[in-house]
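The values are calculated or read from the model by the stated rules, or taken from the named source; none is laboratory data. This structure is a prediction, so every number in the text was calculated from the model and none was measured. Cβ coordinates were reconstructed from backbone atoms using ideal geometry, including for glycine residues, and neighbour counts include every protein chain displayed.
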Amino acid sequence: MGYLGQIFVMAMTAIFIQNFVLSRFLGLCPYLGVSKKLDSAFGMGMAVIFVMTLASAFTFLIRRYLLIPYNLEYLQTISFILTIAALVQFVEMVIQKNAPALYKSLGVYLPLITTNCAVLGVAILNTKAFHADGITPYNFLDSTLNGLLSGVGFTVVLLAMAGIRERLEFSELPKSMKGMPIALILAGIMALAFYGWMGFKI
Amino acid sequence: MRFFSELAKGIVKDNPIFVLVLGMCPTLAVSTSVKNGLGMGMAATFVLICSNIIISLIKGVTPPKIRIPVYIVVIAAFVTIIDMAMAAYAAELHKSLGLFIPLIVVNCIILGRAEAFASKNNALNSLADAVGMGAGFTLALVVVATIREILGNGTWLDIRVLPQAYDPMLIAILAPGAFITLGFLMALINIIKGRK
C-alpha cells in the first residue's frame, strides 16, 4: 500500500469510522453549544480545523525534540495544554492584525477552542497512534495530517447537526424535549448512522 | 451555615451535568459501566477540590490578565498527579478510562468553577463548592451509567440484576446509547421542573 493509500485510510478513519464527536466523544461542548445556526457552526468548524492542524504539528515537535530527549514525558499534559493555549492566543492576535474580516467571523470562537477537548485529544492520540501495520508510529507529517482530517470530521458532523437543528426550530416538539434533550437524541441517531461505516458485527 | 448551602447546591439545584450542561465529553464517554463512572467522578472531584483550594488561595496574587493560563497550569498539575497515581494503584481502571484522564484538564466544570467561584471566594467556601460540584458530577455519571449498564449488560457494578435470559440491549453501552440515554434523562428533568 502506497503512501496515498495510507492517507486515504487515515482520512476515512478520522472523518467517518472513528469520528471525533460521534464515536470518540471529543469536542461535545462546541458540538452541542454552537450547532444552533449554520453560519456560526461553519465559523467554529473552520477555526477548529485550523487550530487542530497547528496543535498537532506543534505538540509533535515538542514531544519529539523536548520531552523525549530530556525524559520529561510526565509533563506531557501540562506542556500540551500550555502549547495549545499559547497557540490559540497567538493565532487570534495574528488574525486580528492581518485579516480583520476573518477575525470578525472566527474571532469569538477562538478563545473557546482552548478548552475544546478535541484539540488536546488529537494531540494525545497522535502520540499513541500507529499506522495500519501496527509498528510504525506517526511521523510529523502523519500527525499534522491526522489533526487536519480529524478537524474535518468534527466540522462535517457539526454542520450536519446545525442543518438539522435549524429546521427543528419550526417543528412542534413536546415542551420537555426542546433544546438540549432533542439535540442529544439527534446526536444519538447520527451516531447510530455512523456505526454503519464501521461494519459493526454482533 | 454558608458552607453547607454551597455544598448542597452542586448536587441538585446546580447539578453540573443536568442543569449547567458542563463536562459532557467524559459523561457520555465513560458512563458505560458504573465502575468507570465512579472512577471518573472521583478523579475529577479530586482535581476539582485541589484546584479550587489552590486557586482561591492565590487569588490575591494572580494578575487578572493571565489568570486563565495560571488556572490551567494549576489544574494540569493535579491532573498529572491523579493520572500517575491511578496508573500506579488502579491500573485496570486507568486503562479503561484511558484518554479521558488527561482530558480532565479541559473539563469545563473544573475551569468553570475556578473562574466563577474559587477566584472570588475564600478557601473554605471553595472547598464546599468543589465537594458539592464533584458529588453532583459523580452522581450524574452514576445515574447515566446505571441505566446504560443495566440495559446494555444486565448488571450493576458487575452484580447481575437482570436474569440470564435477558438479551442485553447492546446499543445502550455503545456510543449512540449514551446520547439517547442522556437526552431522555434531561427531558425527564425538564418535566419534573415544569411541574413545580
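Okay, here's what the table says:
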{"quantity": "Pair list, Cβ under 8 Å, 6 or more apart: the range B:20-46 residue at positive phi, other residue assigned to a helix (DSSP H, G or I) and aromatic (F, W, Y)", "calculated": "B:G23/B:F137"}
{"quantity": "A:R24 being surrounded by 18 or more Cβ atoms within 10 Å (Cβ to Cβ), modelled with pLDDT under 90 and within 18 Å of B:P102 (Cβ to Cβ)", "calculated": "yes"}
{"quantity": "Residues being in contact (Cβ under 8 Å) with a residue 12 or more places away in the chain and either surrounded by fewer than 19 Cβ atoms within 10 Å (Cβ to Cβ) or more than 7 Å from chain A (Cβ to nearest Cβ) (or both) - total across the range B:179-196", "calculated": "3"}
{"quantity": "Residue check for A:A123: surrounded by fewer than 22 Cβ atoms within 10 Å (Cβ to Cβ), in contact with a helix residue (DSSP H, G or I) (Cβ under 7 Å, 6 or more places away or on another chain), over 30 Å from B:I189 (Cα atoms) and within 14 Å of chain B (Cβ to nearest Cβ)", "calculated": "no"}
{"quantity": "The one condition in (1) exposed (fewer than 14 other Cβ atoms within 10 Å of the Cβ); (2) within 15 Å of the chain's Cα centre (by Cα) that B:G60 fails to fulfil", "calculated": "(2)"}
{"quantity": "Total residues in the range A:126-150, condition assigned to a helix (DSSP H, G or I) and touching a residue at least 12 places away in the same chain (Cβ under 8 Å)", "calculated": "12"}
{"quantity": "Top-ranked residue of the range B:22-37 - restricted to ones that are crowded, with 22+ Cβ neighbours inside 10 Å and not in a helix (DSSP H, G or I), ranked as nearest to the other protein chains (Cβ to nearest Cβ)", "calculated": "B:G23"}
{"quantity": "Qualifying residue in the range B:69-92 (condition: crowded, with 16+ Cβ neighbours inside 10 Å, touching a Lys or Arg at 6+ places or on another chain (Cβ under 9 Å) and away from every other protein chain (no Cβ under 11 Å))", "calculated": "no"}
{"quantity": "Some residue of the range B:51-59 being of a type in the set (A, V, I, L, M, F, W, C) and within 23 Å of A:C29 (Cα to Cα)", "calculated": "no"}
{"quantity": "Residues located in the range A:145-202, provided they are among the small types (G, A, S) and within 18 Å of the chain's Cα centre (by Cα)", "calculated": "A:G147, A:S150, A:G151, A:G153, A:A160, A:A162, A:A187, A:A191"}
{"quantity": "Subset of the range B:102-145 that is without any contact (Cβ under 8 Å) to a residue 60 or more places away in the chain and within 10 Å of chain A (Cβ to nearest Cβ) - its residue that is surrounded by the fewest Cβ atoms within 10 Å (Cβ to Cβ)", "calculated": "B:L111"}
{"quantity": "The lone exception for A:L159 - which of (1) surrounded by fewer than 18 Cβ atoms within 10 Å (Cβ to Cβ); (2) within 13 Å of chain B (Cβ to nearest Cβ); (3) touching a residue at least 24 places away in the same chain (Cβ under 8 Å); (4) of a type in the set (A, V, I, L, M) it fails", "calculated": "(2)"}
{"quantity": "Qualifying residues in the range A:1-29 (those that are facing chain B (nearest Cβ under 10 Å) and not in a loop (DSSP other than H, G, I, E, B)) - the one farthest from the chain's Cα centre (by Cα)", "calculated": "A:C29"}
{"quantity": "Every residue from the range A:110-125 that is assigned to a helix (DSSP H, G or I) and β-branched (V, I, T)", "calculated": "A:I113, A:V119, A:V122, A:I124"}
